[in-house]
1. Starting from region A:89-106, take each residue that is touching a residue at least 60 places away in the same chain (Cβ under 8 Å) and within 7 Å of chain B (Cβ to nearest Cβ) and list its partners that are polar (S, T, N, Q) and within 16 Å of ligand 1 (Cβ to nearest atom), counting only C-beta distances under 6 angstrom and pairs at least six apart or across chains.
2. Restricting attention to region A:209-224, does a residue exist that is surrounded by fewer than 17 Cβ atoms within 10 Å (Cβ to Cβ) and within 13 Å of the chain's Cα centre (by Cα)?
3. Looking at the structure I just gave you, is A:Val134 touching a strand residue (DSSP E or B) at 6+ places or on another chain (Cβ under 6 Å) and either in a loop (DSSP other than H, G, I, E, B) or not charged (D, E, K, R) (or both)?
4. Go through (1) within 12 Å of chain A (Cβ to nearest Cβ); (2) among the charged types (D, E, K, R); (3) surrounded by 22 or more Cβ atoms within 10 Å (Cβ to Cβ) for B:Glu222 and report which single condition fails.
5. For region A:16-62, what are the residues that are at positive phi and either under 12 Å from the mean Cα position of the chain (by Cα) or within 14 Å of chain B (Cβ to nearest Cβ) (or both)?
6. Across region B:269-286, what is the number of residues that are surrounded by fewer than 18 Cβ atoms within 10 Å (Cβ to Cβ) and touching a Phe, Trp or Tyr at 6+ places or on another chain (Cβ under 8 Å)?
7. For the structure I just gave you, tell me whether A:Asp129 is surrounded by 15 or more Cβ atoms within 10 Å (Cβ to Cβ), of a type in the set (Asp, Glu), outside any helix (DSSP H, G or I) and within 13 Å of chain B (Cβ to nearest Cβ).
8. Return the total of residues in region A:132-145 being aliphatic (A, V, I, L, M) and within 14 Å of chain B (Cβ to nearest Cβ).
Amino acid sequence: MTGETQNRNREKVLSIKDLSVNFKTENGLVQALRRVSIDIPPKQIVGLVGESGCGKSTVINSILRLLSNNAEIIQGSIHLQNKNILMMTSTQLRAIRGKRISVIFQDPMTSLNPALSIGRQMTDIQYRDQINQVAKRQRAIDMLTRVGIPDAEKRLKSYPHQFSGGMRQRIAIAMALIMEPDLLIADEPTTALDATLQIQIIELLKTLQKEFRCSVLFVSHHLGLVADFCDQVVVMYAGEVVESGNVRDIFHRAAHPYTKRLLECDPARIKTKTRVLPTIPGYIPDLVNLSDDCIFKDRCHVKDNKCPLTVAPLTELTPGHFVQCHLSQEGENL
Amino acid sequence: MTYYLIKRLGVAAITVVIAVSLLYGMIHAVPGDPLSVVLGPRATPEMKAALNKRMGLDKPFVIQLGTFFINVLQGDLGTDVFTDTSVSEIFFGQLPFTVNLIFLAIGWSALLGIPLGCYSAVRRNTLIDKLTGVFSVGTIAIPSFVVALYSLLIFAVWLKWLPAIGAGKEGDFMDQLSHLLLPSFAVGLGWVGYLSRLVRASMLEVLGENHIRTARAFGLKESTIVLGYALRLAILPTVALLGVGIGNMLSGAVFAEIVFARPGVGKLIFDSVITRNYPLVMGSVIMTTILFVLFTTVADLISAFLDPRIRENL
Ligand SMILES: Nc1ncnc2c1ncn2[C@@H]1O[C@H](COP(=O)(O)OP(=O)(O)OP(=O)(O)O)[C@@H](O)[C@H]1O
Ligand SMILES: [Mg+2]
């Protein structure tokens, strides 16, 4: 058993198993993640999609152990190769943060320190390396040039507010890749940018991912970008993974009613001209008072007499394509 | 930064001109005839007229103000009506006593208050944080003259560790320093509380910002994050407060100066107001105003040095 687990971990860069996270709040215990499992294979881009509030950022903050103080990890493990991140000491954590796992945050306007030059910030994160300041600066210049900052050497002295949003996100990418991590996490890296910039940033990420041969966990609302950019897709709903598989599984053979609805609501896929964007009727369940039933039952459009409305087991439809729904088990076309 | 420096100094100069004009006008509008004060109740109208002319009080206000500015620029703040010595000589004779007191008081309270605030923010809601909170509010709540009286009573009268009153022998550094300890303790104690509360609050705010999360996500050491990344921003409100606070204390340290019978600017102004020594009041108040503007300007320059966004927003 242990041997087998290790074997499976070896072929993953990161493996999240049965992760459950609660937040203590005034209104009660928010069960933000429940038994979430996600595998990230080497050199693969894994997309994480789902409505706002479904727990995507909580997954990321759990991986980096940056959860707020009111968070409580109830169960589960997060293995980085064969070490459980959840068991690491703060020193061990510091050793992997930014070095083996690095992250690009959503809002480039606030995620860099406003009082320090980007040169300083980019050399500071190389503090582990026993090379001199000049070499660190050079590495920062090379990296900035690589992500498309013109005149990088001069711009080292500049402060974040002197760059546009798109430029700042490029700088954030440069910072994230400078230590050549095994896993790059991007939490909605383009949501704050306009459409043209979005494409540019994604193209940049694509080429850099190939060049640096790292894995990417890509969080996005934008299904079009995910379809275009990712190898694997994980669909989350209200704190649970409801479906996961490779891009073709998710975009052509979606099995969970939520995934299907999500795809129907993607503006890019709507062929007919319409003024009203379709939305999924209903709301995500209250994460404080969860019943034991299926989390999607209130919004499900396919439930019928055959469905027991209880939580369905996660089943593997075809190799690598997992879904959590009673009705999809029969492989029907829903 | 050079550009900011020039602009900021320009603003300071304008501020001084406006403030001094207002002050000059105000002092002229105050009831009470300076001539009667100088010449006494039995002065004849002829004597008054002569002095009036000598002091330039017969000319229009604008001319008086203009002459005054020219004189100030030449370092001439007027002449004390009683002793006939120059006001600037008297003022700058007293200034070092006050400046030493203020800087020692602010120095020790900043050295204690700022680290205390940082520590409380980083270890918030621990026992030490709560104790610091109680201590801070306590020191803020006690008026500084009460601290002055009690510290005088305890350390000077009962324990006889430190001298009670005066500023110490001239030229004797150790003696002067020992005379400074109690007053600076009394003046500084409340500042420890203020500073630690202020630093704690702004530190907590900064530590919650996104860029701190980024720094953590890149595995920077907690000490680098707090001291190198957060404090630089969290200290800004404190710098501004200190600029205003030090400026205020130039004349505001008067309590400590009176309780400890020390010479100083506060005492000088207090005495000259009581004796209606107009030129001396005027000259001292104007000098403290100029120094006030100077301290706030320095505070702004420090802020601009710490935060590049300030440099570009003037
Ligand atoms: N610090 C916190 N305290 C209490 N509840 C929290 C906290 N952080 C997140 N939550 C709750 O946990 C759930 C998941 O939030 P999370 O931020 O992970 O969602 P998300 O999928 O990233 O959403 P978005 O797309 O809007 O970024 C939400 O219900 C949210 O309200
Ligand atoms: Mg999020």
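1. Hits for this filter: A:Phe105/A:Ser111.
2. Looking through region A:209-224, at least one residue is surrounded by fewer than 17 Cβ atoms within 10 Å (Cβ to Cβ) and within 13 Å of the chain's Cα centre (by Cα).
3. no
4. (3)
5. Those that are at positive phi and either under 12 Å from the mean Cα position of the chain (by Cα) or within 14 Å of chain B (Cβ to nearest Cβ) (or both): A:Gly50, A:Gly55.
6. 1
7. Answer is no for this residue.
8. 2
The values are calculated or read from the model by the stated rules, or taken from the named source; none is laboratory data. Note that the structure is a prediction, hence the values are computed from the model and not measured. Cβ coordinates were reconstructed from backbone atoms using ideal geometry, including for glycine residues, and neighbour counts include every protein chain displayed.
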